[in-house]
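In what follows, a single structure is set out as structure tokens and then discussed.
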Amino acid sequence: MTKPSPAARAADLRRQLEHHNYRYYVLDDPEVSDAEYDRLLNELKQIEADNPDLITPDSPTQRVGATPVSELQEVAHTTPMLSLDNAFTEEDLIAFDRRVRERLETSQQIEYVAEPKLDGLAVSFRYENGRLVRAATRGDGMKGEDVTHNVRTIKAVPTQLRGKAPDVLDVRGEVFMTLAGFKAMNQRALEKGEKVFVNPRNAAAGTIRQLDPRLAANRPLDAFFYAVGEHGDWKLPAKHSEVLEHFREWGLKVSPLTKVVQGAEGCLAYYRDIGEKRASLKYEIDGVVYKVNRFNQQRELGFVSRAPRWAIAHKFPAHEENTIVRDVEFQVGRTGALTPVARLEPVFVGGVTVSNATLHNMDEVQRKDVHIGDTVVIRRAGDVIPEVVKVVLERRPKNARPVTLPKNCPICGSAVEREEGEAVARCSGSLSCAAQLKGALLHFAGRRAMDIDGLGEKIVDQLIESKLVRSPADLYKLTVEQFSNLERLGEKSARNLVSALQKSKKTTLARFLYALGIRDVGEATATALASHFASVEALQEADEAAIQEVPDVGPVVAAHVHMFFQQPHNREVIQALRDAGVHWPAQTRRAAAAEGPLTGKTFVLTGTLESMSRDQAGDRITALGGKVTGSVSKKTHYVVAGAEAGSKLTKAQELGIEILDEAAFLKLLGEQ
Ligand code: IVH
């Protein structure tokens, strides 16, 4: 076979890359791994670097134009970009459907297309002979701004349509940012001391209006297409749903949640269904949109001012609301960290009433400039803890008070310390602080730690209050009688608690180390420390350098571990626990993980396996020398996916990581 000419190879590579883009973005079903895709792209870049005359404007390498624009040009929309009326209740929607049927003079059910209402910004994309020539924001609906330079960087927007496209096609869609992308971007901005965005929509809007496309290229924008404007020589089909089918064929990504439904009933069922899915979506939606499916009916219905009579947005309860900060209090956690919490005038947001919102730490309070008395925007997305997004400065009252870090712990009065360069302030009281003691005891008793069944918050509170317990070791001295003296605790429960304590004494070194609640030592680190050092004595004697030899333990964690074991008080508690009878099977010290057929292989477990629990699966992998981690990354070798596997599976597919079902996994373990 002769080597193809650079021109032929470049054309072939572009065709392949476009095909893979389509599989990935439109069908959500990639054929090749990211690495494979990057190889093709790099080969094309190389050919174009060697032969600049071969570069075409719509080559996949040309998404990031090198030159920023000096300002955004105004663009007139050839057909106006409309807005939508809103429905906030089921009644609103039923009334909308009634109006539609009355105007159409029909008693028959109307067919609607139901789509998620994406919370991004509307963009018009103009294709001429299949090539993307211009992208513009909605603006006032008649005129928008030219944002082609940035839109070109969005991989979900094809620069060239597939198949036979009309001579002119103006498609409308929503450009948005995924939640994960938004978080990652803000994290990076925070680290660099740059401006952070308050929500994904603002981040998307801010990005798309940047002058320098290199900025947009580094930010994770995505898009869905949902409407058609000018359509040139293309004779529209009879229905909107058919337009969306054509979009898909041309490589324009349509929301997979789009559905044809019948009548108001169908709309409401869709609304409920999407409402349930909302929290698990990777992007934000603020409602659903219903559109009369048949174009002849749409035409008959027409418009009122800027909104069509044939479509309506059915909104979900808002994610963001305004309210007033009544006070800011400080909570003390298990590690002594002081967390400022805003006490709010109760407000209904995202479907629940919110009266507290975390402010994370003092840096955050300063960055957001929160004062007591301020009106603030509260946000509650999905199931996350409500957050203060920003202060409405215009509404700051004269008597607003700044938030100050207390000098003394609000719980125990010990000095509050804040290390140089650290955002977090801590109470220096350790276990003498009731809040820290409480956190420590609850953590110690936790299911994955010492697993002391029945030792809950109410009991722990009383044990601390009555000074019966000053450290975890004191728990083992408690008698049935002392327990039964506590409020609301019968003799039977008291007996159960004592026997649960007795039972918990038999544990493993890893669980014990985890239970101690050393800062930054989670289960994985505890397990690593246990298998590396094999005994508490060895760990107590180790210096920071020796601790850093443990896989995945860096200097910060090593310093915390070392410091913990240097404190005489901690050594005393450990000794007292062992004197009380806490024990674990002897382990032999080993320098590295077990050697075996899986040495060097990293696994992530997700979903439910039938033949074993996830813990058991993890043990089997480690026994054969493999490693189990919690999240999927490029370094993961295998993802074991059981039933109902979720986002980790998706991530693995995105990264092109080998996925094992239960049968394949058992085979790898040598069991089938
Ligand atoms: S259709 C004539 N479909 O909602 C209909 N809009 O309030 C024009 N939006 O500016 C829009 N998801 O930014 C349509 N599936 C969807 C949408 C959607 C979000 C936004 C869009 C528009 C606004 C109208």
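Bear in mind that the values in this text are calculations on the coordinates, not laboratory data. Everything quoted here is computed from the prediction, not taken from an experiment. In this analysis, Cβ positions are derived from the backbone assuming ideal geometry, glycine residues included, and neighbour counts consider all displayed protein chains.
Peptides 149-162, 493-506: what's the order by average Cβ count within 10 Å, highest mean first? Working shown, then result.
Values: 149-162: 22.1, 493-506: 16.4.
Sorting 149-162, 493-506 by mean packing, highest first, produces 149-162, 493-506.
May I ask you to compute the full-extension gain from residue 417 to residue 326, defined as 0.36 nm times their residue separation minus their alpha-carbon distance, rounded to one decimal in nm?
Working: separation 91, 0.36 × 91 = 32.76 nm, distance 2.59 nm.
The residue 417-residue 326 span can extend by a further 30.2 nm.
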What's the ranking of 541-553, 278-290 by average number of surrounding C-beta atoms within 10 Å, highest first? 278-290, 541-553
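Go ahead and run the numbers for FRET between residue 56 and residue 9, Cβ-Cβ distance against an R0 of 22 Å, rounding to 0.05. Walk me through the numbers on the way to the answer.
Values: r = 14 Å, r/R0 = 0.62.
FRET efficiency, residue 56 to residue 9: 0.95.
What is the Rg over Rh value, at two decimals, for the chain, using alpha-carbon atoms and the Kirkwood definition of Rh? The partial results should precede the final answer.
Numbers: Rg = 30.3 Å, Rh = 29.7 Å.
Across the chain, the Cα-based Rg/Rh ratio is 1.02.
Determine the gain in length on full extension of the stretch residue 470-residue 613; use 0.36 nm per residue of separation and subtract their C-alpha separation, reporting nm with one decimal.
On the way: separation 143, 0.36 × 143 = 51.48 nm, distance 3.63 nm.
Gain in length upon complete extension: 47.9 nm.
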Measuring from label point to label point, each 7 Å out along Cα→Cβ, what is the residue 299 to residue 496 span in nm? 7.2 nm
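Which links in 368/648; 477/503; 155/183; 117/253 stretch past 25 Å when you go from one Cα to the other? Walk me through the intermediate numbers first.
Working: 368/648 33 Å; 477/503 14 Å; 155/183 19 Å; 117/253 15 Å.
Exceeds cut-off: 368/648.
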Could you work out the pair-distance distribution P(r) of the stretch 366-446 from its alpha-carbon pairs, with 5 angstrom bin width and percents rounded to whole numbers? 3, 13, 14, 14, 16, 19, 14, 6, 2, 0
Label points 7 Å out from Cα along the Cβ direction at residue 392 and residue 211: separation in nm? 3.3 nm
Ranking 111, 329 by Cβ neighbours within 10 Å, fewest first, what do you get? 329, 111
Can you compute the FRET efficiency between residue 134 and residue 280 using 1/(1 + (r/R0)^6), with r the Cβ-Cβ distance and R0 = 35 Å? Round to the nearest 0.05. 0.50
Lone Cys, the chain, Cβ cut-off 4.7 Å -> 267
With 5 Å bins from 0: P(r) over the stretch 472-537, alpha-carbon pairs, percent: 3, 16, 21, 16, 12, 12, 10, 7, 2
With each label point set 7 Å from Cα along the Cα-Cβ vector, what nm distance links residue 230 and residue 523? 5.9 nm
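When the chain is fully extended, how far beyond the present Cα-Cα distance does residue 480 get from residue 245, taking 0.36 nm per residue of separation?
Numbers: separation 235, 0.36 × 235 = 84.60 nm, distance 7.07 nm.
Result for the pair: 77.5 nm of gain on full extension.
Nearest 0.05, what FRET efficiency do residue 503 and residue 2 give at R0 = 60 Å with Cβ-Cβ as r? Walk me through the intermediate numbers first.
Values: r = 76 Å, r/R0 = 1.27.
Computed FRET efficiency for residue 503 and residue 2: 0.20.
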For the stretch 515-529, list residues with backbone N below 18 Å from a point placed 7 Å from the Cα of residue 631 toward its Cβ? 520-526
Using alpha-carbon coordinates, inclination of helix 614-623 to the longest axis of the chain, degrees: 70 degrees
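First check a/c for the stretch 162-301, with a ≥ b ≥ c the square roots of the eigenvalues of its C-alpha gyration tensor; if it is under 1.5, answer rounded, and if not, answer prolate when a/b is larger than b/c or oblate otherwise.
On the way: a/c = 2.82, a/b = 1.50, b/c = 1.88.
Here the stretch 162-301 falls in the oblate category.
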Label point 7 Å out from residue 352 along Cα-to-Cβ: which residues of the stretch 368-407 have amide N under 19 Å? 377-389
Separation of alpha-carbon centers, the stretch 421-438 and the stretch 339-363, rounded to whole Å: 22 Å
Under the helix-only model (-39500 (n - 2.57) for each DSSP H run of 4 or more, divided by the residues of the chain), the mean residue ellipticity at 222 nm, to 500 deg cm²/dmol, is -10500 deg cm²/dmol
Nearest-ten-degree value, helix 523-533 long axis tilted from longest Cα axis of the chain: 50 degrees
Ordering of 616-627, 569-580 by burial proxy (mean other Cβ atoms within 10 Å per residue, highest first): 616-627, 569-580
So the angle from the long Cα axis of helix 263-277 to the longest Cα principal axis of the chain, reported in degrees to the nearest 10, equals 40 degrees
